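Structure record follows, encoded as structure tokens.
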């Protein structure tokens, strides 16, 4: 059996793992990354939000992504019947990036991984984790490549960025009920040969079919576009068991995009993911921390996945550096509390989207400009900015505003 020794062992070469690995490597830490897949590989989570730009920049990965030429994303549009709510990230509360990208994740993740490797980060692709054993904070991990070769990896600390692979969540029995009600998703890509020119062909759009049923359209710079539906899991039961036929049946229900995609063939057979939300009982322990989707995944409606993945990956790396420099880290206060604060803000918005309260606000015909800027900042990912009342009072402010809109409409 081969043997590897690493200061920090990272599970997963997605955005969270690469931000951690790159940041740690830049600080002189010996990192080893184990990735089950061969890159490039397909992954969902294709629409970024501006806050993740800060994380990529601190990790030294932003310039490489800029050079890749991905489709720039300046905002988002929500449509329900004849109602439209549009957000421009340059018109938001507070400071921060006013644009980001929408990306084919196979290319985006590969870009990050290649840049990390160029810096000197060692990544073992096509290699899966078989067993993890802790002795105090140190760990011994057995990994196996596709040829069946086993390697024993000894590490001082593990960052689990394995995403939906959820390595430590499974190994240590950390799975927990999700915060968000059970929703499922189906998605595919098309090669969009007759895409409209200009803004209409660049803007990501969410079309709402019912309060809890919505469709996404994400155009990419390579000419392909991502199409997907999210709904309560039972909603999908009315469609064919064949995912290709089912996807066409769902597309027929669209109103704004009616007939737009009927004649396209799918680049790959639509993929169905059941019960997309994830959660864990704890995010850290002696010798390990969970980041990104390996810790928690809320819902794709506001594209928060990559932002939280990179934010948690960066923070975990910073705290590891702090600890290795001899300063005691209170992981409960410095990691859990911070990440949970952001997650709780976004989870309020997800819950109120599906309750219909946030949709009433987004689709109001005459939105208050200042309120819209404050909500836009949340949608841009700046969920730790407590100068924004829609962050600070997230638990009740959306419900209260929704009630005011109801009263306003009832008085007319």
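We did not get these values from a lab; they are worked out from the coordinates using the rules stated. Please read these numbers as outputs of a predicted model, since none were measured by experiment. As a convention, Cβ positions derive from the backbone with ideal geometry for all residues, glycine included, and neighbour counts pool all protein chains shown.
If you wrap a convex hull around the alpha carbons of the range 77-154, what volume per residue comes out, as a whole number of Å³? Spell out each step's value before the answer.
Values: hull volume 19.6 nm³, N = 78.
Given the Cα convex hull of the range 77-154, per-residue volume reads 252 Å³.
Across all Cα atoms of the range 308-402, the radius of gyration (one decimal) and Dmax (whole number) stand at 16.3, 56 Å. Helix 305-324 and the longest principal axis of the C-alpha atoms of the chain enclose an angle of approximately 30°.
Mean separation of Cα pairs under 8 Å and 6+ residues apart, divided by the residue count of the range 219-298: what relative contact order is that in percent?
Working: 44 pairs, mean separation 16.1, N = 80.
It rounds to 20 percent for the range 219-298.
Modelled spin labels at residue 150 and residue 244, positioned 7 Å past Cα toward Cβ, are 4.2 nm from each other. A simple spin-label model places the labels of residue 110 and residue 7 3.1 nm from each other, with each point 7 Å out along Cα-to-Cβ. Relative to the longest principal axis of the C-alpha atoms of the chain, give the angle of the C-alpha long axis of helix 15-26, reported between 0 and 90° and rounded to the nearest 10°. Compared with the principal axis, the helix lies near 40 degrees.
Ignoring everything except DSSP H segments at least 4 long, calculate the 222 nm mean residue ellipticity for the chain; use -39,500 (n - 2.57) per segment, divide by total residues, nearest 500.
Roughly -10000 deg cm²/dmol at 222 nm, from the helical runs in the chain.
Semi-axes of the equivalent ellipsoid for the range 114-249, computed as √(5λ) from the eigenvalues of its C-alpha gyration tensor and ordered from largest down, come to 39, 23, 15 Å. Comparing Cα centroids, the range 95-120 and the range 362-412 end up 31 angstrom apart.
Note that the chain shows a convex hull volume over its alpha carbon atoms of 146 Å³ per residue.
Comparing mean-square fluctuations of 59, 377, 176 from a GNM of the chain with C-alpha springs under 10 Å, the top value falls on 176.
May I ask for the percentage of alpha-carbon pairs in the range 183-273 that lie more than 21 Å from each other? I get 25 percent for the Cα pairs in the range 183-273 exceeding 21 Å. With neighbour counts taken as other beta-carbon atoms within 10 Å, the residues 303, 20 rank, fewest first, as 303, 20. Run the quick spin-label model on residue 255 and residue 91: label points 7 Å from Cα toward the beta carbon, then report their separation in nm to one decimal. Going by the 7 Å Cα→Cβ label model, 2.3 nm.
Can you pull the percent of Cα pairs in the range 192-244 with separation above 14 Å? Can you show the working numbers first?
Details: 829 of 1378 pairs.
The calculated P(r) of the range 192-244 puts 60 percent of pairs beyond 14 Å.
Taking 0.36 nm per residue of sequence separation and removing the Cα-Cα distance, the residue 271/residue 334 pair yields an extension gain of 18.9 nm.
Between 0 and 90 degrees, the angle of helix 337-355 with respect to the longest Cα principal axis of the chain falls at about 30 degrees.
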